[in-house]
Amino acid sequence: MARTSVVILLLATYAAHTSGKEDCTTPLYINGGACVYFGERINDGNTSPIPEPICANVTCHAKENRVTVKGCVDGTDYPKRTEGSEKAPYPQCCDMYAYKTG
């Protein structure tokens, strides 16, 4: 009986944990030694700022079929950016950058 209860509890915990997850997939394609990420072509080993829609620096690792994304999230709730700053390169497109320097 105790084992059945533990299994039910684990399944309920797993269901509660996974039900709140969002689809975190992004449009990444590896093409001819380069990464295409949100429509931006980045050569293997290079880093490119992508202001919209994610405001991040993205490094291509085409040989490993992956990218490294360095973004703005630091856990602080900053006021919204000033209009137009969302098109600035990383890190100027971050809410925290606009708030700290504005």
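The values are calculated or read from the model by the stated rules, or taken from the named source; none is laboratory data. Note that this is a predicted model, so its numbers are computed, not measured. Cβ sites come from the backbone with ideal geometry, for glycine too, and all protein chains shown count toward neighbours.
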Name, by its number, the condition in (1) more than 16 Å from Pro89 (Cα to Cα); (2) in contact with a Pro (Cβ under 6 Å, 6 or more places away or on another chain) that does not hold for Gly45. (2)
Is the stretch 29-44 home to any residue that is modelled with pLDDT under 80 and out of contact with any Asp or Glu (no Cβ under 6 Å at 6 or more places or on another chain)? no
Selection from the stretch 38-71 of residues that are assigned to a strand (DSSP E or B) and of a type in the set (D, E, K, R): Glu40, Arg41, Arg66, Lys70
